[in-house]
Amino acid sequence: MFSTIGYVICIPFAWLVRLFYNLTGSYAMAIILFTLVVKLIMLPFQMKSKKSMMRMSRMSGRLQEIQKKYANNQAKQSEEMQKLYAEEGVNPMSGCLWSLLPFPILLALYSIIRQPITHFMMLSQDVVQQLVDAVTKAGLDVTSIVQMKDGAAVVKDGITQLLPYGQINLVKTITSEMPELGGTVDGWVNMNYTSFGLDMAANPWSMVTGFTFTWAAIGLILIPILAGGSQWIMTKITMKHQPQTDPSAASANRMMMFMPLFSVYIAFTMPAALGVYWIAQSAFAAVQEYFMGAFFNKRLEEEENARYEARQAERKRKMEEAKVLQEQQRQQGVQKQTLKEKQKAAREAKAAKAAKAGAATTEAGRVGERPYARGRAYKPDRYDET
């Protein structure tokens with residue numbers, strides 16, 4: 001399953017490398033142009049990843065404060081961190097996927113370089129077997145092409161087993177010894193691995209173990225060194241745009257030392273063409289990192305200033321609203337006080353009126369609660385007989 005997926009991934013990459021090889025006639029230039037096109041295709045995604053990573057770096061101080069403040073409350077800590085991510089518009093996982101993309105590309109390109117017949121020319125395994133049989137019948141040396149045991153080629157399920165770089169050596173043998181054989185195969189590409197006087201299919205470490213003072217040997221040995229140097233420069237530029245207060249700075253510094261060494265190891269132990277890819281990839285990435293770092297630093301500064309001004313404006317607006325609300329509450333309080341005073345005055349006036357009316361009433365005319373039931377001038381003895 002995974003071999004099938006890997007083969008499918010190789011199809012567009014192999015098409016690109018073939019296109020540039022046919023245009024330039026140089027295997028190294030084809031690899032360099034392939035690297036440039038892939039970087040340009042990935043540029044929008046890498047810009048998004050770079051911006052997200054730089055935002056995360058600038059937020060590191062605030063994240064540390066949250067972690068310290070809620071060290072004993074993981075749920076609250078996660079809630080506050082998610083809230084901060086939402087406020088800043090950052091997805092902490094958005095930069096991870098795109099940063100891993102170069103590795104599948106590296107593996108795919110390695111397959112294209114190591115298996116030129118099946119993964120570069122995209123010919124079938126049956127064609128490989130036919131070519132091996134033809135070279136064997138021609139009496140040519142196949143010890144660098146097929147696996148040997150007791151002086152005979154190892155065959156499994158009717159298929160001759162090739163060495164790890166057997167397809168490369170098979171192509172070289174056909175190109176140099178039997179060029180007419182390639183012409184009989186539909187889709188065959190006459191390959192010349194020599195670029196800038198260097199064999200791009202050679203293993204640089206073999207030049208160290210069997211060193212001879214020639215340009216070919218020195219040039220091949222320089223490829224891994226340049227791969228490590230370009231990787232170091234690229235990582236250095238990346239670190240330049242990362243805040244020194246970032247807690248990940250220490251691990252990034254260790255990675256800065258590890259990746260160049262890893263690049264040197266890879267370039268020494270694999271075909272030189274892969275080292276050329278690593279140099280080109282690191283060089284393009286260094287230029288990209290330099291300009292993207294400067295651009296996004298300025299852009300993030302502007303965004304942070306805009307957010308700060310927006311927060312200040314929102315704070316001022318809320319303060320103004322609070323003042324207006326306070327004034328409204330004060331006026332409502334005054335109105336309530338005035339209303340209470342009016343109601344009190346009315347009650348007092350009513351009471352005064354009632355008191356006055358009570359004072360003017362002849363009590364002789366009262367019947368219960370009715371002060372004038374018998375009239376104002378009622379006198380019980382008005383008509384007494386004298």
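Couple of notes before you dig in:
- The single condition from (1) of a type outside the set (S, T, Y); (2) open to solvent by 10 Å² or more (accessible area, probe 1.4 Å); (3) farther than 21 Å from A267 by Cα; (4) modelled with pLDDT of 90 or more that L170 fails is (2).
- The set of residues in region 308-319 being among the acidic types (D, E) and either modelled with pLDDT under 85 or open to solvent by 90 Å² or more (accessible area, probe 1.4 Å) (or both) consists of E309 alone.
- Test set (1) closer than 30 Å to P116 by Cα; (2) aliphatic (A, V, I, L, M); (3) at pLDDT 85 or above - V287 fails condition number: (1)
- Hits in region 46-83 - residues which are more than 20 Å from E303 (Cβ to Cβ) and in contact (Cβ under 8 Å) with a residue 40 or more places away in the chain: Q64
- Here region 177-202 is the region considered, the condition is being assigned to a strand (DSSP E or B) and of a type in the set (S, T, Y), and the residue that is least open to solvent (accessible area, probe 1.4 Å) is S195.
- Y85 meets all of the listed conditions (1) touching a Pro at 6+ places or on another chain (Cβ under 9 Å); (2) surrounded by fewer than 18 Cβ atoms within 10 Å (Cβ to Cβ); (3) at pLDDT 80 or above but one, namely (3).
- Any hit, region 255-272, residues being of a type outside the set (V, I, T), closer than 22 Å to S206 by Cβ, modelled with pLDDT of 70 or more and not in a helix (DSSP H, G or I): yes
- Against the numbered list (1) open to solvent by less than 100 Å² (accessible area, probe 1.4 Å); (2) modelled with pLDDT under 75, Q343 comes up short only at (2).
- Of all residues in region 119-167 being part of a helix (DSSP H, G or I) and touching a residue at least 60 places away in the same chain (Cβ under 8 Å), the one that is most open to solvent (accessible area, probe 1.4 Å): H119
- In region 203-238, of all residues being part of a loop (DSSP other than H, G, I, E, B) and open to solvent by 90 Å² or more (accessible area, probe 1.4 Å), the one that is modelled with the lowest pLDDT corresponds to F211.
- Test: residue in region 27-37 that is open to solvent by 60 Å² or more (accessible area, probe 1.4 Å), within 20 Å of R114 (Cβ to Cβ) and part of a helix (DSSP H, G or I): yes
The values are calculated or read from the model by the stated rules, or taken from the named source; none is laboratory data. Here the structure is a predicted model, which is why all the values come from computation and not from measurement. Positions of Cβ are backbone-derived with ideal geometry, glycine not excepted, and every protein chain shown enters the neighbour counts. Each accessible area value is taken on the protein alone, full model and side chains, heavy atoms only, with ligands, DNA and RNA left out. Shrake-Rupley method; radii C 1.70, N 1.55, O 1.52, S 1.80 Å.
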